[in-house]
Amino acid sequence: MSAKNKVLGLIFASMHDSSVIDLTKKRTMGSIPFGGRYRLIDFPLSNMVNSGITEVGVITKSNYGSLLDHLGSGKEWDLSSKNGGLHLLPPFSHVDSGMYRGRLEALNGVWEFINHSDAEYVVMSDCDIATTIDYKAAIDFHKETDADITVIYGRYAYDSNKNHTANVLGIDENGRVNDVMVNPQISGECSISLDMFVIKKDFLKNIVITSVSRNQYDFTKDILQAKKDEFKIMGYEHKGYFSKIDTMNGYYEANLELLDTEKRNKLFIKTAPIYTKIRDNGPAKFGLESDIKNSLIADGCIIEGTVENCVLCRGVKIGKDAIVKNSVIMQDTVIGNKCSINSVITDKNVEIGEGKVLTGSKTYPIYIGKNAKI
């Protein structure tokens, strides 16, 4: 990517924390475990790196300790460099900024960092979408159409009773956004904004300065909705697989969808790998009487019981004669002997004592909080 067309990546790690409040009480959206060995921030960050973006800022809000530990210096994403690299941007980046209410205030709070970059274009992404996307194609589309803002969207079976934070776009025959609906009471296949945007840095600067001076902070309502006729806002369709995580049930379903080989292969593409922090775990160990069916088992797990249709994160231990089905078990959870677990989400470091029975349903899984002992 030439210096003239250099791109700055911005990732909003906390923009949708309220959607899955149980999972974000002690962490940001970006640091939620996903798919056995990943965090949600791994997807936008890896997509940017694979698209040739070598300077990325991660905008945080609160509870970002685990996120900082996960990202470190950025070496797993090859972003540990003197030029460009990975930058962690907590709130209160300058004395006049407060805890931001929306995307525009967040951008204003870190504008000194953005302004310091010599990038011509900015790619923005949240952390509530698990997908693999080539941003180069979206940037080329942005240039070719001479757009002011390009919104990346996907076709999605939207249901207002299940999806809580969707922005539905109207796209005309030329690809221009002519309508923006926030959480509409409709159902059916729609064009859903993936909360990924391409924009020129100078244009973004004008938007931020003008909006903040008018006490406007919501990018969707104050810019996309209010300015759709004034600005040339184009829609770029992402046709690859994606899962939107906007409810606890959505998180549960997105993890279990990875047990489908076809969907898993569409998300994890060999030519565009998803990078993550490496732990020094040994390989998974399976007892002589263990029985594992249709499950994702991360490194460091020790399984002596039965596991079926599950996603197990690193370091999980399943005791003898325990039966675990249709569940998402996070890092370092210990499930005792003779337990029966079905349709459960356990957070990190949970301990479930011997002989316990926990049964949820696929439409309403039981959630057990971090460090809980049962």
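Summarising the strand pairing of the chain, around 40 percent of its internal DSSP beta bridges are antiparallel.
Over all other residues within a Cβ to Cβ distance under 15 Å of residue 278, the charged ones net out to 0, with Lys and Arg as +1 and Asp and Glu as -1. The accessible area of residue 248, taken with all protein chains in place and a 1.4 Å probe, comes to roughly 40 Å².
Between residue 155 and residue 137, the simple label model (points 7 Å from Cα in the Cβ direction) yields a spacing of 1.4 nm. Here the convex hull built on the C-alpha positions of the stretch 260-368 has a volume of 106 cubic angstrom per residue. Sorting 15, 124 by solvent-accessible area of protein heavy atoms yields 15, 124, largest first, with a 1.4 Å probe.
For the stretch 261-316, with all protein chains in place and a probe radius of 1.4 Å, 51% of the accessible heavy-atom surface sits on carbon or sulfur.
In the complete set of protein chains, residue-level accessible area for residue 214 is approximately 140 Å², probe 1.4 angstrom. Of the residues 45, 276, 121, the one whose Cα sits farthest toward the positive end of the charge dipole of the chain, with +1 on the Cβ of Lys and Arg and -1 on the Cβ of Asp and Glu, is 276. The spread of Cα positions in the chain, taken along each principal axis and listed from longest to shortest, comes to 64, 48, 39 Å. For the stretch 129-285, taking Cα atoms only, Rg and Dmax work out to 17.8, 60 Å respectively. For the listed residue pairs 162/370; 61/162; 26/348; 263/370; 162/227, the alpha carbons are over 19 angstrom apart in 162/370; 61/162; 263/370; 162/227.
Using only Cα atoms, locate the centre of the stretch 119-174 and the centre of the stretch 5-57, then give the distance between them in Å, rounded to an integer. What the calculation gives is 16 Å, centre to centre. In terms of its alpha-carbon gyration tensor, the stretch 31-173 comes out rounded; the largest-to-smallest axis ratio a/c stays below the 1.5 threshold.
The values are calculated or read from the model by the stated rules, or taken from the named source; none is laboratory data. Just so it is clear, the model here is predicted, and its values are computed rather than measured. Positions of Cβ are backbone-derived with ideal geometry, glycine not excepted, and every protein chain shown enters the neighbour counts. For accessibility, only protein heavy atoms count, side chains too; no ligands or nucleic acids. Shrake-Rupley method; radii C 1.70, N 1.55, O 1.52, S 1.80 Å.
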